[in-house]
Amino acid sequence: MTTTLSLLTPSGRLTLGNLLGALRPMAERQDDAYYGLSDLHAMTTRHDPALLRERTAEMATLLLAAGLERATLFRQSAVPAHTALAYLLECTAHTGELNRMIQFKEKGRGQDSTRASLFTYPVLMAADILLYRPSVVPVGEDQRQHVELTRDLAIRFNRTYGEVFTVPEIVTPAAGARVMDLADPTRKMSKSADAAGSILLLDPPEVVRRKVARAVTDSDTGPTSVRADREAKPGVTNLLEILLACGGSPDGLSSYGALKRSVTDAVVAVLEPLQKRYADLAADPARVDAVFAAGAVRCRAVTAPVLAAAEAAMGLA
Ligand code: TYM
């Protein structure tokens, strides 16, 4: 059986990038799948406790609305083995390799002080993964470096202390693995960014329309201008990729206006059913809580022997 694992961090509100890069590929793999909310990772930069609770509840509901109900769903903090294994892995990881993590450099940039947990973030992520011995980890392109570090740590651990972990493969979607910001197509669409360039999963159709209408394209408006070219036309290329990933067709689009109308229609068609399910689920928060509580019970059972094996291999009695 192929075990699958992935988590999302409730550090903001889910975007179209999260849906296309992660949630949809996750929804396609739900047999023996463990999908979580990495609430502990949401505390690696300055956070507001009340907002974290609110975002976590919203995201839990969105995971169900996105159709993940057949997988085991859980909150990371409800499964203490994650932090326990993270410490063991910190005893195998090197500061040099953590220093090379692009996300650490990006998120730490311009801050006068960074939390120690931001530095060890990828080790907790490695623990999230290795505890479940998954063979595949579906994520967006921006998580590739972290999954590669996870593989390195697993290989190192197995060589040094004995075979405890499987070495997972990363899976990224063909279209939508790196959705870019509409207002600044040189950076990725992010849930923590200013929302003008991010399509949120709960944005109503008119907001989607406005954001797409204002998306950056370029000044090249000739008859053959609606074409993909990452270097010269990052904005247009991003819109074309979103269109494709949302099931639209780029054929016959003669202007940027037509492209934007098609993108809006395709995105709204993907979001509408999800928003409808969200509204139904949000009316019954106890049901969502019960799904995640049951998931955590299963996760605690599945992860206990793996943590015990790692502890024993490292010489803890
Ligand atoms: P996070 O919460 O930033 O993103 C959740 C998932 O969405 C993908 N993603 C994107 N895909 C395409 N285009 C985008 N613009 C875009 N933005 C985000 C991410 O690649 C991710 O798959 N550290 C992780 C959470 C995590 C995790 C794990 C993932 C914690 N432990 C273990 C996998 C396995 C994160 O913060 O993702």
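Annotations
- Of Arg53, Arg178, Arg277, the one that fluctuates the most in a GNM where the chain has Cα springs shorter than 10 Å: Arg53
- Heavy-atom accessible area order for Lys105, Lys191, largest first, 1.4 Å probe: Lys105, Lys191
- For the stretch 46-65 and the stretch 244-317, distance of Cα centres in Å: 13
- Rolling a 1.4 Å probe over the protein heavy atoms gives the chain an accessible area of 46 Å² per residue.
- Over the chain, Cα pairs under 8 Å with separation of 6+ residues give a relative contact order of 23 percent.
- Charge context of Arg178, other residues only, Cβ under 12 angstrom, K/R +1, D/E -1: 0
- Taking a sphere under 13 Å around the Cβ of Leu40 and counting the other residues whose Cβ falls inside, with K and R at +1 and D and E at -1, yields a net charge of 0.
- Pairwise Cα inverse-distance average, inverted: Kirkwood Rh of the stretch 1-118 (Å): 15.8
- Percent accessible area from carbon and sulfur atoms, the chain, protein chains only, probe 1.4 Å: 52
- Highest-fluctuation residue, Pro122, Pro273, Pro25 considered, GNM on the chain with Cα pairs under 10 Å: Pro273
- Three semi-axes of the equivalent ellipsoid, the chain, Cα gyration tensor, whole Å, largest first: 36, 22, 18
- Positive contributions from Lys and Arg (+1) and negative ones from Asp and Glu (-1), summed over other residues with Cβ under 12 Å from the Cβ of Arg277, come out at -3.
- These residues, Arg209, Arg261, go from largest to smallest accessible area, 1.4 Å probe, as Arg261, Arg209.
- Centroid-to-centroid separation of the stretch 164-234 and the stretch 94-150 [C-alpha atoms, Å]: 23
- With all protein chains modelled, accessible area of Glu169 [1.4 Å, Å²]: 100
- Only beta bridges with both residues in the chain are counted; by DSSP, about 20 percent of them are antiparallel.
- Probe 1.4 Å - accessible area at His94, Å² to nearest ten: 100
- The calculated P(r) of the stretch 195-279, using every Cα pair and 10 Å bins from 0, goes 18, 51, 25, 5, 0 in percent.
- Förster-model FRET efficiency, 22 Å R0, Glu106 and Glu69, C-beta, rounded to 0.05: 0.05
- Only protein heavy atoms count here; under a 1.4 Å probe, Glu90 has an accessible surface of about 80 Å².
The values are calculated or read from the model by the stated rules, or taken from the named source; none is laboratory data. Just so it is clear, the model here is predicted, and its values are computed rather than measured. Quick reminder, even Gly has a Cβ in these numbers, built from the backbone with ideal geometry, and neighbours come from all protein chains shown. These accessible areas exclude ligands, DNA and RNA; they are computed on the full protein's heavy atoms, side chains included. Shrake-Rupley method; radii C 1.70, N 1.55, O 1.52, S 1.80 Å.
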